[in-house]
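Each remark here refers to the structure printed beneath this line.
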Amino acid sequence: MLEILLTRIISVISWYHLAFFVISLAMLGMTAGAIWVFVRPDDFEAEAVPRRLAQYALRFSLSTPLAVALALAMPLVPVRSFMDFCGLLAFGGALAVPFVFAGIVLTLALTRAGLSPAIAYGVDLVGAAVGCALVIPLLGVFDAPSGVLVASALAAASAFAFARAAGDAGRSTSRWALVSLVLLSVGAFGNRSAAEQSATFRPAWVKGMHEATETLAWTRWNTYSRVTVDHTIEVPPTLWAPNRQMPEELRAPLAQRTIKIDGAAATMMAQDATQLERHAYLDWDVTSFAHRLRPDGPAAVIGVGGGRDLLAARRGGHPKVVGVELNQLIVDLHEREMRDFSKLVDLEGVELVSDEARSWFTRTDRRFSVIAMSLIDTWASTGAGAYSLSENGLYTVEAWGIFFDRLDDAGLFTVSRWWHPQSPGETARMIGLAMELLWSRGVEDPRRHLFVVQSDAVATLLVAKRPFTEAEIDELQGEAIRLGFNMLATPRKTPSSELLAALWQQGDRASFWSWARAQSLDLTPATDDRPFFFNMLRPGDWLRDKGEVDAMDVSFLGNLQATQTLVYATLVSLLLTLITVVAPLRRRAEGLRELPTRMVVAACAYFALIGLGFMFVEIALLSRLNVLLGHPTTSLAVLLGGIIFFTGVGSLLSERAPIQKRAFALAYPIIPALLVAAAAFASGPALAALSGAGLATRVLAGLSLVGIPALGMGLGFPLGLRLVGRASPDPERPSLGPWLWGINGAFGVCASGLALGSSMVWGVPTTLVIGMVCYLALLPCTRLLVAAGRQ
């Protein structure tokens with residue numbers, strides 16, 4: 001529960017690309033806790049284990065709110081200096097502390113408590129899987145910081161149970177655990193009941209800026225985001241890209257409220273949507289340009305936000321407008337919480353749907369004259385993390401194909417993205433994505449279907465189901481001139497921008513892909529296999545400074561910030577691993593010289609490879625689930641719950657594996673490799689086949705997708721330990737256990753960042769293949785270990 005809740009909290013207080021860091025911190029802490037038990041045996045003698053279980057469970061309980069409070073109070077900024085790196089190091093170290101205590105408890109329970117390992121492991125896995133599932137309803141009732149207090153209270157209940165089992169030795173701890181349980185439970189409900197402005201346990205800093213709670217009128221959390229609404233202000237209309245030619249009378253102040261998603265992505269809610277004539281300023285925003293050509297027929301808007309795009313569609317003349325919004329909190333604002341102010345749902349013809357856009361458009365049989373998607377990103381999409389929210393899944397060839405199929409015969413699909421004249425990379429990738437979509441539908445000349453206009457910092461793309469007629473081009477040109485919009489590219493005009501002109505001149509699909517791969521920015525179309533539309537920097541540019549990147553792309557869009565954070569977070573994971581895992585193990589390394597060198601090398605390589613392979617498969621599957629489910633926290637809960645459960649089943653089944661038979665001992669790594677290959681092969685078709693299914697069906701499919709490789713991966717650790725035990729059966733020799741546990745954890749910690757980088761650069765299938773290769777590479781290790789056992 002804590003691991004998933006921290007991803008939600010970090011997405012608020014920092015940028016989304018740090019959220020993946022939590023998996024590394026959890027693994028790091030659990031591994032360090034296990035190593036602590038191994039390197040300090042005098043503290044964990046048999047008679048002390050029951051008491052230590054209770055004590056360290058209580059420390060886990062009490063350290064959790066303290067570590068999270070420190071994270072909530074710390075201004076975390078992008079790493080641009082050595083001191084920023086030190087801040088990230090301190091941040092990661094603090095959040096790893098509770099997991100260290102949890103790792104000590106788990107290690108003692110499984111290896112020192114005299115319990116049946118199978119039963120203890122099974123109970124632990126059930127608890128972990130249930131914890132993953134509980135996060136979803138928990139965040140429907142509590143905010144994420146209060147949810148952390150609930151998790152801490154459960155840990156206190158654990159400490160109380162361990163203390164009762166310890167008898168007289170645990171009496172003092174049981175009293176403290178009971179007091180902690182009561183106080184944490186009261187604190188969780190009290191913090192939940194308090195308004196955000198008066199809540200004690202809340203983010204003090206959001207995206208590196210101190211949050212002024214006095215400006216907040218409303219705050220809610222869910223699995224998707226934290227949404228805040230400011231008090232009403234009277235200011236001129238807020239547009240994405242207004243033009244100077246807009247009449248002055250339309251600039252008069254009007255009542256608005258600022259909606260912020262996770263403290264960064266802002267949109268404005270204007271008062272009283274039913275008074276359409278009061279919102280004539282929307283006609284002058286470049287994002288509404290498509291309605292000039294297609295003012296009739298039903299329209300659909302992806303991303304409701306403050307309701308501005310739906311208002312623009314109704315003003316354009318569409319009698320029916322459907323707004324599809326993933327975030328239920330946004331829909332609740334318009335339907336209940338602020339209905340009297342917004343009145344969006346009271347506007348005739350407006351319908352709001354709370355659903356993931358790809359899934360809803362796949363299921364519906366409606367057809368639309370216009371489908372609009374304007375600047376859909378909550379800064380999550382720019383994040384280079386596996387936890388990037390659903391926006392990345394909306395900017396792929398497959399997603400655009402789904403939307404394209406829901407247009408009527410003369411329909412328009414319109415997308416607006418950021419524009420920078422010196423570095424139009426995002427606009428170029430948007431146009432390239434549309435060209436690839438049209439080529440995939442058999443269109444010979446995509447340029448006859450495209451019209452691109454620009455105003456201020458926004459470019460709007462129109463993609464037509466059928467080629468634009470000469471009359472339609474005349475009409476669009478006339479409207480663009482009247483509204484003062486610049487025409488970047490039309491069926492009659494080649495762009496003046498050198499980059500866009502080169503793109504526009506690509507006459508066929510093969511030449512386009514060859515050209516896109518050769519650019520300094522990655523302009524190849526994003527696909528479900530590599531759904532990172534917003535990350536265009538090549539790996540060689542990831543560590544450039546801001547000035548250099550600004551010459552290639554607009555750094556504020558997050559490319560630089562996301563990718564550099566990925567690199568620095570991986571370095572922090574490596575450094576913390578050296579400090580907390582490798583350094584303590586070296587204190588007991590002298591005895592390893594008594595063991596055969598080839599056996600030690602084979603054993604260490606074996607456990608390093610399963611650490612790498614496991615994380616490469618896990619991170620790749622998380623990317624798949626994000627696209628399949630569309631809900632990031634649900635995806636993480638399904639992944640962790642599924643992988644924990646099925647890996648546990650695989651581990652328990654390993655007890656029956658005939659490891660004493662030479663043929664099986666040599667060849668069993670083929671089993672997880674084949675199952676990973678099966679998951680890699682099935683995941684793509686599964687995304688295509690299930691994109692229109694309900695959420696429950698997609699969750700079950702996600703669990704199946706995770707379960708296939710997890711069953712095989714669960715064999716790796718226990719069978720490896722048994723092989724090493726057979727290769728070094730002498731009880732007088734030093735145990736390799738601490739080293740193997742530490743090496744496995746250390747490589748797993750660092751692999752999460754490497755796997756994410758692999759998915760960004762080469763795609764999710766390649767990351768799965770790397771995981772499969774890691775398991776196949778176990779074959780030489782098992783051969784050496786079997787040979788050592790025979791000797």
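The values are calculated or read from the model by the stated rules, or taken from the named source; none is laboratory data. Just so it is clear, the structure is predicted and the values come from calculations on it, not from any experiment. Glycine gets a Cβ as well: all are built from the backbone with ideal geometry, and neighbour counts include every protein chain shown. Please note that ligands, DNA and RNA were not included when accessible areas were found on the heavy atoms of the full protein model with its side chains. Shrake-Rupley method; radii C 1.70, N 1.55, O 1.52, S 1.80 Å.
First compute the accessible area of the chain with a 1.4 Å probe, then give the percent of it belonging to carbon and sulfur atoms.
Numbers: 17600 of 29270 Å².
Looking at the chain in its full context, I get 60 percent from C and S.
Compute the angle between helix 670-690 and the longest alpha-carbon principal axis of the chain, please, reported from 0 to 90 degrees and rounded to the nearest 10.
It is inclined by approximately 20 degrees.
Using just the Cα positions, wrap region 640-791 in a convex hull and report its mean projected area in square nanometres, one decimal place. Don't skip to the end; give the middle numbers.
Values: hull surface 40.7 nm².
Spelled out: convex hull of the Cα atoms, projected over all directions, averaged, 10.2 nm².
Taking a probe of 1.4 angstrom, what is the accessible area of Ser354 in Å², to the nearest 10?
50 Å²
What do you get for the angle between helix 470-483 and the principal long axis of the chain? Use alpha-carbon atoms, 0 to 90 degrees, nearest ten.
Taking the Cα atoms of the chain, the angle to 470-483 is about 90 degrees.
Quote the Stokes-Einstein diffusion coefficient, in whole µm² s⁻¹, for region 217-368, based on the Kirkwood radius over alpha carbon pairs, a temperature of 25 °C and a viscosity of 0.890 mPa s.
Rounded to a whole number, D works out at 155 µm²/s.
Over region 26-99, what per residue volume does the convex hull of the Cα atoms give, in whole Å³? Present the calculation step by step, with values, prior to reporting the outcome.
Numbers: hull volume 6.8 nm³, N = 74.
Considering the Cα atoms of region 26-99, their hull volume per residue is 92 Å³.
To one decimal place, what orientation-averaged projected area in nm² is obtained for the convex hull of the Cα set of region 421-531?
Quarter of the Cα hull surface area: 7.1 nm².
Determine by what factor the alpha-carbon radius of gyration of region 54-182 differs from 2.2 N^0.38 Å, reporting the quotient.
Numbers: Rg = 16.7 Å, N = 129, 2.2 N^0.38 = 13.9 Å.
So region 54-182 has a normalised radius of gyration of 1.20.
For region 129-176, what are Rg and Dmax over the alpha carbons, in angstrom?
Reported Rg and Dmax, both Å: 13.7, 40.
Might you work out the accessible area of Lys661 for me, using a 1.4 Å probe with all protein chains in place, and round it to the nearest 10 Å²?
120 Å²
Using just the helices of the chain, give the 222 nm mean residue ellipticity in deg cm²/dmol: DSSP H runs with n ≥ 4 each add -39,500 (n - 2.57), and the total is spread over all residues, rounded to 500. Please list the in-between numbers first.
Numbers: 29 runs with 439 residues, N = 791.
Estimated from H runs of four or more residues: -18000 deg cm²/dmol.
What's the long-distance tail for region 232-273, i.e. % of Cα pairs beyond 14 Å? Spell out each step's value before the answer.
On the way: 458 of 861 pairs.
Within region 232-273, distances greater than 14 Å cover 53 percent of Cα pairs.
How many Lys pairs in the chain lie less than 30 angstrom apart by Cα atoms, where the lysines are 8 or more positions apart or on different chains? Each step should come with its number before you reach the end.
Numbers: Lys207/Lys260; Lys207/Lys546; Lys260/Lys320; Lys260/Lys343; Lys260/Lys546; Lys320/Lys343; Lys320/Lys465; Lys465/Lys493.
Number of lysine pairs found: 8.
Report the Rg/Rh value for region 124-225, based on alpha-carbon coordinates and the Kirkwood definition of Rh.
Details: Rg = 16.6 Å, Rh = 15.4 Å.
Taking Rh as the inverse mean 1/r over Cα pairs, Rg/Rh reads 1.08.
Normalise the Cα radius of gyration of region 649-688 by 2.2 N^0.38 Å (N = residues in it) and let me know the number.
Working: Rg = 13.7 Å, N = 40, 2.2 N^0.38 = 8.9 Å.
Expressed relative to 2.2 N^0.38 Å, the Cα Rg reads 1.53.
Near the amide H of Trp218, under 5 Å away, which other amide H atoms are found, from residues 5 or more places off or on another chain, if H is placed in the peptide plane?
Close amide H contacts, sequence-distant or interchain: Val229.
Whole number in Å², please: accessible area per residue of the chain, 1.4 Å probe, ligands, DNA and RNA not counted. List each step's numbers first, then the result.
On the way: 29270 Å² over 791 residues.
Accessible surface, normalised per residue, equals 37 Å².
Which whole-percent values make up P(r) of region 271-345 when all C-alpha to C-alpha distances are grouped in 10 Å steps starting at zero?
Over region 271-345, the share of Cα pairs per 10 Å bin runs 20, 53, 25, 1 percent.
Using modelled amide H (1.01 Å from N, peptide plane; none on Pro or chain starts), what sits under 5 Å from the amide H of Arg530, excluding residues fewer than 5 places away?
Amide H neighbours of Arg530, under 5 Å, 5+ apart: Val764.
Net charge within 11 Å of Lys465 by Cβ-Cβ distance, Lys/Arg positive one each and Asp/Glu negative one each, not counting Lys465 itself? Don't jump to the answer; show the numbers that get you there.
Numbers: positive: Arg294, Arg367, Arg406, Arg441, Arg466; negative: Asp405, Asp408, Asp409.
Neighbourhood net charge equals +2.
Please give the per residue volume of the convex hull enclosing the alpha carbon atoms of the chain, rounded to a whole number of Å³. All intermediate terms of the calculation are to be shown ahead of the outcome.
Working: hull volume 120.3 nm³, N = 791.
So the per-residue Cα hull volume is 152 Å³.
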